[in-house]
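Participant: Quick one: structure below, then a few questions.
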Number of protein chains: 2
Amino acid sequence: MTAHKIVMLVLDGIGDRPCGELAGMTPLQAAKTPILDQLAAEGITGIMDTIGPGIRPGSDTSHLSLLGYPPESYYTGRGPLEAEGCGIHMEHGMIGFRANFATQNDHGLVTDRRAGRIHDTRLLSAAITDQVDLSAFGVTFSFASGAGHRAALALSGEGLGAGVTSNDPKEDGVAPHQVMPVSANPEDQKTAAVCNEFIRQSTAILADHPMNRARVLNGESPASVVLIRGAGEMGGFEPFQQRYDLSGAVIAAATLVTGIGKAVGLEYIPVEGVTGSTTTNLTGKVQTLMATLDTHDFVLLNIKGADEAGHDGHAIEKRDFIERIDAALALLLERNDCIIAVMGDHSTPCPIKEHSADPVPVLIRGDGVRVDLVQAYDEIACAAGGLNRIRGADILWILLDLIDKTHKYGT
Amino acid sequence: MTAHKIVMLVLDGIGDRPCGELAGMTPLQAAKTPILDQLAAEGITGIMDTIGPGIRPGSDTSHLSLLGYPPESYYTGRGPLEAEGCGIHMEHGMIGFRANFATQNDHGLVTDRRAGRIHDTRLLSAAITDQVDLSAFGVTFSFASGAGHRAALALSGEGLGAGVTSNDPKEDGVAPHQVMPVSANPEDQKTAAVCNEFIRQSTAILADHPMNRARVLNGESPASVVLIRGAGEMGGFEPFQQRYDLSGAVIAAATLVTGIGKAVGLEYIPVEGVTGSTTTNLTGKVQTLMATLDTHDFVLLNIKGADEAGHDGHAIEKRDFIERIDAALALLLERNDCIIAVMGDHSTPCPIKEHSADPVPVLIRGDGVRVDLVQAYDEIACAAGGLNRIRGADILWILLDLIDKTHKYGT
């Protein structure tokens, strides 16, 4: 057996439905993908319900499933995973939130939920981190900027719950809501009070911040309020290395995916020029993958752009981006020391511009793999493959078995 | 409906991966198997995870699964099942162990863990049974010889646990270990003390036994110590006849498989000349199967040799043995009163010489079966079959339904 490493290549939102612009084909069927097709021809294929048939996956729940941490047991909301992805080290029991910088007018109404698509909010986050004080509650916090207008908040302390609502009004022209507890539990009551105090203090700090004053002078929307949502208590993840006896790494642009990877113990490997969209640095990602395989046994590489095109409903753009992905993957063909698995985390069909429960195509190629007759990587061809229909929670175990890292159950 | 009986033919370790010696085919693909192929052509096929996708089965857990006793609920270690297979009637709650006769030198070091591959240890087992006395612990025991150097031990009494280690040093040149409890529970402490006393007394009996003195004179390794392992508490199995309303029988060479069969209430039908290897009496097994079908509704026939060839990594020998199996199965084609199901209990790929989680091919042929388009019985062809991908715990229920022995759930 020469294969002793695993490449898990997740083409985010790759699955689709028949598209009118593509004469009833899916973008993946319509795309010319000689590299992916060669991998399919040299390997075994199938379709996969990343969570279960008819269950419409989120990117968070599906990635947990693909990494063998079933979301039914491990998913505790997006907030703590985003916080991890923004660089906050989340300990088990901490309460995490996704956050946005938004613009509020003089009447307290939200006028832009993305603060004019502000970039690089690190100075604002640093000011909040320095000046907000929650010690009256016995609570400490971390606040970190993410990409663009995004950020994350995490709370630590005794007696905090995750059952609280968001202050995000979800539409412009409305004032931010109060954060409310969703139960009478004192833990949820306390978290709600802490959140409202955090928002009060941070709003005051932002109002007076030089960066915001400069934005107003420039005619830009200031980042005058923090909207938080997706509260969740950080779960306890058995570390990936311990669970699978593999050193693992994650390469991804989306903070959610890097957050999940870091939460389970994968090392985050940054790549210059990645954007999480169709303009991303694909070649850089694949080159980084190759380098990371020299030092790690398992690499999760997430390529996000197809999902974005699906959300936008742009079938032709999705097809074209898939062709660019394919061209960037040529280096994979030379790796015979790896089991290479290509899959989606979910379908994002252009006709509905949203995730769907349609299964994703999957291929596995490498030493020891039973080769089926399928010659192409797409939703229809792979449905005739030798894997038949599998579940996301099983895929990593199937791959582990191929590199001889499973343990016999019984004798 | 003419079919009212079930043949479950388990080709032990039949599944494989592409083998270099066979130009990338599996042994089952490479073998000429006209009988199995005819059964496949006349029936429905599929692939099966005997426990679950990516789970590497043992022979014990997989057979429990195939018989509809899911190992998650019913598996309590190999010891009690081996003991049952060695002819000890295991009651629920008894503690069972696998045992080996081994050779110890004058310094107490193990020099041969198989005692010179001794044959027929029944006189030794009788001496141990007669002379070892554990009544000081309020414990009774059974000790029985298996094939070659193998044996089994079972303990009965109040307050015994199964949480103990083995005395087997697992390598030559080392003294046997003390049996240790794995917890502070008094039950485990008691079992450990009982085991150590059993080993002390049996070692003294073996030292002085005429058979061993004769072996030493002949320059053979004496069976001077008993090594025990695989401790488990016998589970409670709802009897097969009661569970499925079928009289059942098991035909197998491996004591583990006969033990599992007997544990769930199948009648063990011995066959002359079976060996559990590629030299076994295949025709005798199939003739016995035919005779047993006159008196029983369900027969589990296990043919072991392909597994052995897989463990040895001999792809060509495995292919050739599969051809011999196939030739011996001709009588099956004439049985139209049976649903015939052919499957593996797990794959034992020659390239890895160990069980793997790769699914096994399965076929079902008989009256009422939907006939698919697959014309061959092998790992790749069956993956395109009408059963798709099923689980071992489901197969017996599928067969029961074909002979009208399932009950409607609801109305």
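Participant: Straight distance only, please: which aspartates and glutamates reach the Cα of B:Lys170 with their own Cα at less than 14 Å, same-chain residues fewer than 8 apart left out?
Facilitator: Of all the aspartates and glutamates, those that pass the test against B:Lys170 - Cα under 14 Å, at least 8 places apart if same chain - are B:Asp112.
Participant: So, one more: Within straight cross-link reach of B:Lys285, meaning Cα distance under 24 Å, which lysines are found once same-chain residues fewer than 8 apart are removed?
Facilitator: Partners found: B:Lys5, B:Lys32, B:Lys262, B:Lys304, B:Lys318.
Participant: Separation of segment B:176-238 and segment A:129-163 by C-alpha centroid, Å?
Facilitator: Their Cα centres are 61 Å away from one another.
Participant: While we're looking at this one, here's another question. Compute the semi-axes of the equivalent ellipsoid of segment A:41-103, taking the square root of 5 times each eigenvalue of the Cα gyration tensor, and list them largest first in whole Å.
Facilitator: 29, 14, 13
Participant: Okay, moving on. I'd like the distance between the alpha-carbon centres of segment B:385-411 and segment A:305-333, rounded to an integer number of Å.
Facilitator: Centre-to-centre distance over Cα atoms comes out at 42 Å.
Participant: If you find the alpha carbon centre of segment B:84-105 and of segment B:11-63, how far apart are they in angstrom?
Facilitator: Centre-to-centre distance over Cα atoms comes out at 32 Å.
Participant: Hey, another quick one. Taking the full set of protein chains and a 1.4 angstrom probe, give the accessible area of A:Trp397 in square angstrom, rounded to the nearest 10.
Facilitator: Estimated to the nearest 10 Å², A:Trp397 gives 80 Å².
Participant: Please compute the alpha carbon radius of gyration of segment A:208-347, then divide it by the globular-protein estimate 2.2 N^0.38 Å. Two decimals is fine.
Facilitator: Scaled against compact globular proteins, the figure is 1.30.
Participant: How large is ³J(HN,Hα) for each residue in segment B:347-359, as worked out from phi by the Karplus curve 6.51 cos²θ - 1.76 cosθ + 1.60 (θ = phi - 60°), to whole Hz, x for Gly and Pro?
Facilitator: For segment B:347-359, the Karplus curve yields 8, 10, x, 4, x, 10, 6, 7, 4, 9, 8, 3, x Hz.
Participant: Can you list the residues of segment B:40-63 whose accessible area drops by at least 30 Å² going from the chain on its own to the full set of protein chains, with a 1.4 Å probe?
Facilitator: B:Pro53, B:Gly54, B:Arg56
Participant: How far apart are the B:His407 label points across copies, placing each 7 Å from Cα toward Cβ, in nm, shortest first?
Facilitator: 3.8
Participant: Mind ordering B:199-206, B:33-40 by average Cβ neighbours within 10 Å, highest first?
Facilitator: Most protected by this proxy first, the peptides run B:33-40, B:199-206.
Participant: Place the label 7 angstrom along Cα→C-beta at B:Leu373 and in each other copy, then list the distances from the first to the rest in nm, shortest first.
Facilitator: 0.7
Participant: So if I place +1 on the C-beta of Lys and Arg and -1 on the C-beta of Asp and Glu, and nothing else carries charge, what would the dipole magnitude of the protein assembly as shown be about its Cα centre? I want it in debye, nearest 20.
Facilitator: The calculated dipole for the protein assembly as shown is roughly 260 debye.
Participant: Along the axis that rotates chain B into chain A, which residue of chain B has the nearest beta-carbon, and what is the gap in whole Å?
Facilitator: Residue of B nearest the axis onto A, distance in Å: B:Asn388, 3.
Participant: Rounded to the nearest 20 Debye, what is the dipole magnitude of chain A about its Cα centre when Lys and Arg each give +1 and Asp and Glu each give -1 at the C-beta?
Facilitator: My answer is approximately 260 debye.
Participant: Tilt of helix A:392-402 relative to the longest C-alpha principal axis of chain A, in degrees (0 to 90, nearest 10)?
Facilitator: Taking Cα atoms only, the helix is inclined about 50 degrees.
Participant: Under the 0.36 nm per residue contour assumption, what length would be gained going from the current alpha-carbon distance of A:Glu272 and A:Gln201 to full extension?
Facilitator: 22.0 nm
Participant: Can you pull the Rg over Rh of segment B:1-120, Cα-only, Kirkwood?
Facilitator: Using Cα coordinates only, the ratio equals 1.08.
Participant: Tell me, in nm to one decimal, what length is gained between A:Glu42 and A:Ile380 on full extension, where the rule is 0.36 nm per residue of separation less the Cα-Cα distance?
Facilitator: Fully extending the segment from A:Glu42 to A:Ile380 adds 119.9 nm.
Participant: Moving on to the next point. Within 10 Å, count the other beta carbons around each residue, average over each peptide in B:402-409, A:365-372, B:60-67, and list them highest first.
Facilitator: Per-residue mean Cβ counts within 10 Å order the peptides as B:60-67, A:365-372, B:402-409.
Participant: Let me ask something else about it. May I ask you to give the average projected area over all directions of the convex hull of the Cα atoms of segment B:313-411, in nm² rounded to one decimal?
Facilitator: 7.8 nm²
Participant: What is the Cα convex hull volume of the protein assembly as shown when expressed per residue in Å³?
Facilitator: 207 Å³
Participant: In square angstrom and rounded to 100, what buried accessible area do you get between chains B and A, total over both, with the probe at 1.4 Å?
Facilitator: 2200 Å²
Participant: Where in segment B:74-109 does the label zone of B:Glu238 land, with the point 7 angstrom along Cα→C-beta and an amide N cut-off under 14 Å?
Facilitator: Within reach of a label on B:Glu238, which here means backbone N under 14 Å from a point 7 Å along Cα→Cβ, segment B:74-109 contributes B:74.
Participant: Let's test the formula: R0 of 25 Å, r as the Cβ-Cβ distance of B:His177 and B:Arg114. What FRET efficiency results, to the nearest 0.05?
Facilitator: The pair B:His177/B:Arg114 has a calculated efficiency of 0.90.
Participant: In segment A:378-411, what residues drop by 50 Å² or more of accessible area when the other protein chains are put back, versus the chain on its own? Use 1.4 Å, and skip ligands and nucleic acids.
Facilitator: Those are A:Asn388, A:Asp401, A:Lys408, A:Tyr409, A:Thr411, which lose 50 Å² or more relative to the chain on its own.
Participant: Per residue of segment B:206-218, in order, report the coupling 6.51 cos²θ - 1.76 cosθ + 1.60 (Karplus, θ = phi - 60°) as ³J(HN,Hα) in whole Hz, putting x for Gly and Pro.
Facilitator: 5, 4, 9, 7, x, 4, 6, 4, 5, 5, 4, 4, 7
Participant: What residue among A:Ala126, A:Leu329, B:Cys86 has its Cα farthest toward the positive end of the dipole of the protein assembly as shown, where the charges are +1 on Lys, Arg and -1 on Asp, Glu, each on the Cβ?
Facilitator: Toward the positive end, the furthest listed residue is A:Ala126.
Participant: Which aspartates and glutamates have a Cα less than 19 Å from the Cα of A:Lys405, not counting those fewer than 8 places away in the same chain?
Facilitator: A:Glu238, A:Asp245, A:Asp294, A:Asp297, A:Asp337, A:Asp367, A:Asp394, B:Asp16, B:Asp49, B:Glu354, B:Asp358
Participant: Order B:Thr258, A:Thr76 by their accessible area, 1.4 angstrom probe, all chains in place, largest first.
Facilitator: The residues order as A:Thr76, B:Thr258, largest area first.
Participant: Continuing with this model, one more query. Taking only DSSP H segments of four or more residues, each worth -39500 (n - 2.57), what value at 222 nm results for chain B once the sum is divided by all its residues, to the nearest 500 deg cm²/dmol?
Facilitator: Dividing the helical sum by the residues of chain B leaves -9500 deg cm²/dmol.
Participant: Once the label point is set 7 Å along the Cα-to-beta-carbon vector, what list of distances in nm do you get between A:Glu42 and its counterparts in the other copies?
Facilitator: 4.2
Participant: Further, regarding this structure: Leaving out ligands, DNA and RNA, what percent of the accessible area of the protein assembly as shown is carbon and sulfur, probe 1.4 Å?
Facilitator: Roughly 50 percent of what the probe reaches on the protein assembly as shown is carbon or sulfur.
Participant: Whole-Hz ³J(HN,Hα) for each residue in segment A:15-23, computed from phi via Karplus 6.51 cos²θ - 1.76 cosθ + 1.60 with θ = phi - 60°, x for glycine and proline: what do you get?
Facilitator: x, 8, 10, x, 10, x, 5, 10, 6
Participant: Let me ask something else. Solvent-accessible area per residue for segment B:82-233 at a 1.4 Å probe radius, Å²?
Facilitator: The answer is 46 Å² per residue.
Participant: To the nearest 0.05, what FRET efficiency results for B:Gln287 and B:Asp394 with a Förster distance of 35 Å applied to their C-beta separation?
Facilitator: Working from the Cβ atoms, E equals 0.70.
Participant: Just for the Cα atoms in chain B, what are the lengths along the principal axes, largest first, rounded to whole Å?
Facilitator: 65, 53, 37
Participant: Averaging over every viewing direction, what projected area does the convex hull of the Cα atoms of segment A:82-233 cover, in nm²?
Facilitator: For the Cα atoms of segment A:82-233, the hull's average projected area reads 8.2 nm².
Participant: What number does segment A:128-196 give for Rg over Rh if you use C-alpha atoms and the Kirkwood radius?
Facilitator: 0.99
The values are calculated or read from the model by the stated rules, or taken from the named source; none is laboratory data. Keep in mind that what you see is a predicted model, and the values were worked out from it rather than measured. Ideal geometry is used to build each Cβ from the backbone, glycine not excepted, and the neighbour counts take in all protein chains shown. Calculation scope for accessible area: heavy atoms of the full protein, side chains included, ligands and nucleic acids excluded. Shrake-Rupley method; radii C 1.70, N 1.55, O 1.52, S 1.80 Å.
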